[in-house]
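Quick note: the coordinates plus some simple rules give every number you see, no bench work behind them. Small disclaimer: the values here were computed from a predicted structure and weren't measured. Positions of Cβ are backbone-derived with ideal geometry, glycine not excepted, and every protein chain shown enters the neighbour counts.
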Amino acid sequence: VLKKEVEALGLKVKALWLTHGHLDHAGAVGELAKEWSVPVIGPHKEDQFWLDMIQEVSARYGFPIPQPVKVDQWLEGGEVLKLGEDEFEVRFAPGHTPGHVVFYNKNHGLLWTGDVLFKGSIGRTDFPRGNHDQLIESIKRECFSLPDDTQFISGHGPM
C-alpha cells in the first residue's frame, strides 16, 4: 500500500521512521530501505530484539519472509527530525514495546502515536516485553502533556 501511494503521488522518500519494531510496522522496511536507498531511523534500541525476530515471526504467521531491518539511527527521545521545513520531536514512549517512540509536530499540533494510543483505546502490552504500567506512564508523560488541541495519529484506525 505504502509503495503504491508513494509512486501514485510521485513522492521521493528520504527516510523511513519507525515508531517500534513489530512486524506490522517494520516488516517491509528492510525491502523498502534497500529499494529506495534511504536510511531507517528509529525506534529506540530497546526494540532491536523485535527487529531481529521479524523473519521468525513472519514465518510463524505464514507471511513471506522479509529482508532484515538495519537501523541506521537509533532514537533515544529528545531528538528533532526534519521533514522539509517541518520539525518532529522524538518522544520516548515505552510500554507497547520497550523501544517505542512517538513523533510530535508542534507547528501542526500532530502526534504520530504508533501503537501507544488509539481512538478510544491504548496499545496492547501482552506481547513479549510489553509493560502496561509503563505504557500508562508514557501516555500521561508523552501524549496527555501536550496541548489540548493536539490531534493523535495512531498506527491503526481513525484519528
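One table, with the values for the structure above:
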item	result
Sequence-separation-based contact order of the chain, relative, with Cα cut under 8 Å and 6+ spacing, percent	18 percent
Structure-based [θ]222 nm, the chain - -39500 (n - 2.57) summed over DSSP H runs of at least 4, per residue, nearest 500	-6000 deg cm²/dmol
Descending semi-axes in Å of region 2-154, equivalent ellipsoid built from Cα gyration tensor	24, 21, 13
Max mean-square fluctuation residue, GNM over the chain, Cα-Cα springs under 10 Å, options Phe103, Phe92, Phe127	Phe127
Taking His156, His22 and counting other C-beta atoms within 10 Å, the order from fewest to most	His156, His22
Greater than 29 Å apart at Cα, pairs in Lys34/Lys119; Lys34/Lys140; Lys45/Lys140; Lys4/Lys70; Lys3/Lys45	Lys34/Lys119; Lys34/Lys140
Pair Phe118, Gln48: separation of 7 Å Cα→Cβ label points (nm)	3.1 nm
